Amino acid sequence: MICQIVVAALSMSVFGGLGQSDAPRPKFDAFEVATIKPVDPDAKAGRYIVMQGTHRFVEKAYTLKLLIAAAYDLNPRTISGGPGWIESEHYDIVAITPGEVRPTHDEQMSMLRSLLADRFKLTFHCEQ
């Protein structure tokens, strides 16, 4: 009798969640809020891009050229043109993502592309 109750309770807990629908993923078109701050190029901080928790996107000590490379999944050596400071000025970005779920890497990079276009007025074209 005890075994039947345990099995029935286990069955209800396993199958109870099957009827619930997941909330739809939000559109990750742009960060809700973002700050971009220049960083001293001689600072000895590490360079990284990471999600801290569900909503906080953090980028440290990237040049604009490296940000473009990350956002578009490019090798930085394939990027040419632009003012000289795109390889010398470093930036920190802290941004908040929309919705209640953590964005995927691709969604994070899509929001970064939007941010670069908006804040740096980034335009480009591709050549073979």
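The values are calculated or read from the model by the stated rules, or taken from the named source; none is laboratory data. All of these numbers come straight from a predicted model, not from anything done at the bench. Cβ coordinates were reconstructed from backbone atoms using ideal geometry, including for glycine residues, and neighbour counts include every protein chain displayed. Remember, those area values only see protein heavy atoms, side chains included, never the ligands or the DNA or RNA. Shrake-Rupley method; radii C 1.70, N 1.55, O 1.52, S 1.80 Å.
In summary, the aspartates and glutamates within cross-link reach of Lys37, defined as a Cα separation below 20 angstrom excluding same-chain residues under 8 places away, comprise Glu59, Glu87, Glu89, Asp92, Asp118. Divided by 2.2 N^0.38 Å, where N counts the residues, the Cα radius of gyration of segment 23-128 comes to 1.08. Here the Karplus curve 6.51 cos²θ - 1.76 cosθ + 1.60, taken at θ = phi - 60°, turns the phi angles of segment 27-32 into couplings of 7, 9, 6, 7, 5, 5 Hz, with x standing for Gly and Pro.
Straight distance only, please: which lysines reach the Cα of Lys44 with their own Cα at less than 30 Å, same-chain residues fewer than 8 apart left out? Once the sequence-local lysines are set aside, what remains near Lys44 is Lys60, Lys65, Lys121. Here the Karplus curve 6.51 cos²θ - 1.76 cosθ + 1.60, taken at θ = phi - 60°, turns the phi angles of segment 90-98 into couplings of 10, 9, 10, 10, 10, 9, 10, 8, x Hz, with x standing for Gly and Pro.
Extending 7 Å from the Cα toward the beta-carbon at both Val58 and Lys121 defines two label points whose distance is 3.2 nm. Computed with the Debye formula from one identical point scatterer per Cα of segment 73-128, without solvent, the log10 of I(q)/I(0) at q = 0.12, 0.16 Å⁻¹ comes to -0.38, -0.66.
Going through segment 52-104, which GluC sites (Glu not before Pro) have at most 12 other Cβ atoms within 10 Å and a DSSP loop state? Please report the intermediate quantities before stating the final value.
Details: sites: Glu59, Glu87, Glu89, Glu100; in loops: Glu89, Glu100.
Of the GluC sites (Glu not before Pro), the ones in loops of segment 52-104 whose Cβ has at most 12 other Cβ atoms within 10 Å are Glu100.
Split the accessible area of segment 24-89 by element, probe 1.4 Å, and carbon with sulfur accounts for 52%. Heavy-atom accessible area, probed at 1.4 angstrom with all protein chains present, ranks Thr35, Thr97, Thr123 as Thr123, Thr35, Thr97, highest first. Solvent-accessible surface (1.4 Å probe) assigned to Asp106 amounts to roughly 110 Å².
Rounded to the nearest 0.05, what FRET efficiency do Glu32 and Tyr72 give with R0 = 25 Å and r taken as the Cβ-Cβ distance? Could you check? Provide the component values of the computation, followed by the final result.
On the way: r = 22 Å, r/R0 = 0.89.
Between Glu32 and Tyr72 the formula returns 0.65.
Note on Ser88 and Arg25: with the Förster distance fixed at 41 Å, the Cβ-Cβ geometry gives a FRET efficiency of about 0.60.
Amide H contacts under 5 Å for Arg56: Thr97, restricted to partners 5 or more places along the chain or on a different chain, H placed in the peptide plane at 1.01 Å from N. Near the amide H of Val39, within less than 5 Å, lie the amide hydrogens of His90, Tyr91, Asp92, all on another chain or at least 5 residues away, with H placed in the peptide plane.
Along segment 64-75 the Karplus relation, 6.51 cos²θ - 1.76 cosθ + 1.60 evaluated at θ = phi - 60°, assigns HN-Hα couplings of 4, 4, 5, 5, 4, 4, 5, 5, 9, 6, 10, 6 Hz to successive residues, with x for each Gly and Pro.
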